[in-house]
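Here the structure comes first, spelled out in structure tokens, and everything after it is commentary.
No lab work stands behind these numbers, since they all come straight from the coordinates. For clarity, every value in this text was computed on a predicted model and none was experimentally measured. We place every Cβ from the backbone using ideal geometry, glycine too, and count neighbours over all the protein chains shown.
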Amino acid sequence: MTAMLPPAIALLAEMSSLAGCDRAEGYACITARREHGASSVEIPQPQFAILLEGRKQVRTAHQTLDFVPGDILLITQRCRIDVVNTPDPGTGRYLSAIVPLCAEVLAAARTLWNEPPPAAGPSVARIALADHGTLLRQWRQSLQDGHYSQARLALAALVLTLCRQGHGNLLLPQAPSLGEQIRDRIAADPARDWQSRDVEEQFALSGATLRRRLAAERTSLRQLLTEARLAHGMTLLYTTDLPLKTVAARAGYRSAASFSKRFAEQYGLAPTDI
């Protein structure tokens, strides 16, 4: 059927099939039935999101970008964004596929790069799905066939292409701050009963030094715990049908009410809005 469609629409239809792929490895499809926005969402690593249905608006401190189906939101380094997702008026659904660019993919791209250093480019950009259809088709087909090494190679080739187009941040390793390292450690096990001594032991720091260094970064262990847990909860809300109570527990909260209150304070919307 897709062969009878215009190329751009056929490509979008192929990418939309990611929502029903039996081998959804290394990416997530998020859906929503209501318009909603979230403030100060931390994106912890380079990634791209293919908009499949609906509309998206992304704001940073320096720019505002609007996305429609067939657009790709490219994030080249860790950053915070404000986002509004709007369902399609016809289908009543918002749908996008989010693809993290994992450490293995970025390391492979750095190894293969044998050209002068690329221009860093913006941290957030809008690019066209149709401009990268060949590599994304290779990636999708490799996933469908269960060939995950080939899928990563296709993504590494995509990274090289993007760098040649001015998105060199992808190849420039960003040394994470102490706070970012701690947040990532918490994010790997958000339901754990994290205590200051756990972090002190893992990073070989005294309590006073830990507090001082985090204060210099304008954050605290409590804030990092909250951000990591709520981000995990947001991912579960978008990508699963788990009850709110279960989402709260997996995000490290003892009650759905406490989770919902903190979530609304952090993002400016209730979990039930997603």
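Across all directions, the shadow cast by the convex hull of the chain built on its C-alpha atoms averages 15.8 square nanometres. Magnitude of the charge dipole for the chain, about its Cα centre and with charges confined to Cβ atoms of Lys, Arg (+1) and Asp, Glu (-1), is about 660 debye.
With N set to the residue count of region 87-233, report its C-alpha Rg divided by 2.2 N^0.38 Å to two decimal places.
On the way: Rg = 19.5 Å, N = 147, 2.2 N^0.38 = 14.7 Å.
Relative to the rule-of-thumb radius for its length, region 87-233 sits at 1.33.
Angle check, please: helix 148-164 long axis (alpha carbons) against the longest principal axis of the chain (alpha carbons), in degrees 0 to 90, nearest 10. In the chain, helix 148-164 runs at an angle near 90 degrees to the longest axis.
Using only the Cα atoms of region 178-273, construct the convex hull and provide its projected area averaged over every direction, in square nanometres to one decimal.
Values: hull surface 23.9 nm².
Mean projected area of the Cα convex hull: 6.0 nm².
Which order results if D66, D193, D71, D184 are arranged by neighbouring Cβ count within 10 Å, fewest first?
Values: D66 11, D193 6, D71 20, D184 15.
Result, fewest neighbours first: D193, D66, D184, D71.
Counting neighbouring beta carbons within 10 Å and listing from fewest to most, the residues H147, H167, H36 come out as H147, H36, H167.
Report, to the nearest 10°, how far helix 103-112 tilts away from the longest principal axis of the Cα atoms in the chain, using its own Cα long axis and a range of 0 to 90°. Helix 103-112 sits roughly 60 degrees off the main axis of the chain.
In terms of surrounding Cβ atoms within a 10 Å radius of their Cβ, F203, F259 rank from fewest to most as F203, F259. Label reach from A175 (point 7 Å along Cα→C-beta): in region 210-230, amide nitrogens under 17 Å belong to 213-214, 216-217. Ellipticity at 222 nm from helices only: DSSP H runs of n ≥ 4 in the chain, each -39500 (n - 2.57), divided by the residue count, give -12500 deg cm²/dmol. With a 10 Å cut-off between alpha carbons and a GNM built on the chain, which of A130, A175, A109 moves the most? Highest fluctuation of the listed residues: A175.
With r as the distance between the Cβ atoms of R218 and N114 and R0 = 51 Å, compute the FRET efficiency 1/(1 + (r/R0)^6) and round to 0.05.
Working: r = 39 Å, r/R0 = 0.77.
With a Förster radius of 51 Å, E is 0.80.
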